[in-house]
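Q: Below is the structure I would like to discuss, written out as structure tokens.
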Amino acid sequence: MKLYSAGDKGKALCDHCQGLVAATYAYRTVPFSDGEGKARNILVLVCDSCGAVIATPAQSTPAIRAAREVAVKPIELNLPAPFVEALDLAAFRIDPEAATEFRKRLLAYYILETAETEPSQKDLQDRFSRHGEAFRSDAPKRRLSFKVTPRLNNALDHIRATTSLTKTDIIKALVVKIYEDIVQSPSPRDLRELRRLAAVTAA
Ligand SMILES: [Zn+2]
């Protein structure tokens, strides 16, 4: 494996010039493969004839991945107040000194965990019916907005695909799960791990 520098010469296939071309390594801003967002100052191989980016050396992959993790999409939800209050109460039980930022981490933790466990639509919807009174939908609405990494967004999309629920209903069901797991349970299952997560978030 070779470490390339800006100005190094190379050869590669260029789609635009249709053939093997002489090329030069240079730092460029490159769009992500899905077209959403871009990574800045990435060392790539640029076609000498047309200036197109035609290859990415292995050494640039971690920088692109890191930029992707930072590229965030905001999720904006308007939830009946009890959902946001339950989430805050759970965050408070885990760590009374946790920053507001932590409730988002807590939700993120549950999104990733839920995506792995492949819940059915019924699993998630049954939670609402168990707590209809506590989570009345005629309560005033509260805004919950948070930014998610592409990985988290993929996990949400995955849950959406397997359950056919909307993003809002998924988040509501997860808040109810958080409420059952952490607020209602006398000895929450993942409390230690979540406390560590809270400590890291505050840092
Ligand atoms: Zn070219």
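Q: Could you give the length gained by full extension between Ser5 and Arg143, i.e. 0.36 nm per residue of separation minus their alpha carbon distance, to one decimal place?
A: Net length gain for the segment: 44.9 nm.
Q: I've got another one for you. Sort region 51-124 into rounded, prolate or oblate with this rule: let a ≥ b ≥ c be the square roots of the eigenvalues of the Cα gyration tensor; rounded if a/c is under 1.5, and if a/c is not under 1.5, prolate when a/b is larger than b/c, oblate otherwise.
A: prolate
Q: Would you mind giving the average projected area, over all directions, of the Cα convex hull of region 9-70 in nm² with one decimal?
A: If I average the Cα hull's projected area over directions, I get 4.1 nm².
Q: What pairs in Lys141/Lys172; Lys122/Lys172; Lys2/Lys38; Lys38/Lys104; Lys104/Lys141; Lys104/Lys177 have C-alpha atoms more than 20 Å from each other?
A: Lys2/Lys38; Lys38/Lys104
Q: Still on this structure, please answer the following. For Val46, list long-range residues whose amide hydrogen, built 1.01 Å from N in the peptide plane, is under 5 Å from its own amide hydrogen.
A: Hits under the 5 Å cutoff: Thr24, Tyr25, Ala26, Ile54.
Q: Could you tell me what percent of the accessible area of region 9-70 is made up of carbon and sulfur, with a 1.4 Å probe and every protein chain present?
A: 51 percent
Q: Also: Nearest 10 degrees, 0 to 90: what angle lies between the long axis of helix 121-130 and the longest principal axis of the chain (Cα atoms)?
A: 30 degrees
Q: Could you estimate the translational diffusion coefficient of the chain from the Stokes-Einstein equation, with Rh from the Kirkwood formula over C-alpha pairs, at 10 °C and 1.306 mPa s, in whole µm²/s?
A: 80 µm²/s
Q: Calculate the FRET efficiency for Asp157 and Ala99 from the Cβ-Cβ distance with a Förster distance of 45 Å, rounded to the nearest 0.05.
A: With R0 = 45 Å, the Cβ-Cβ based efficiency is 0.95.
The values are calculated or read from the model by the stated rules, or taken from the named source; none is laboratory data. If you're wondering where the values come from, they're calculated on a predicted model, not measured in any experiment. In this analysis, Cβ positions are derived from the backbone assuming ideal geometry, glycine residues included, and neighbour counts consider all displayed protein chains. We work out accessible area using only protein heavy atoms, side chains counted, and drop any ligands, DNA or RNA first. Shrake-Rupley method; radii C 1.70, N 1.55, O 1.52, S 1.80 Å.
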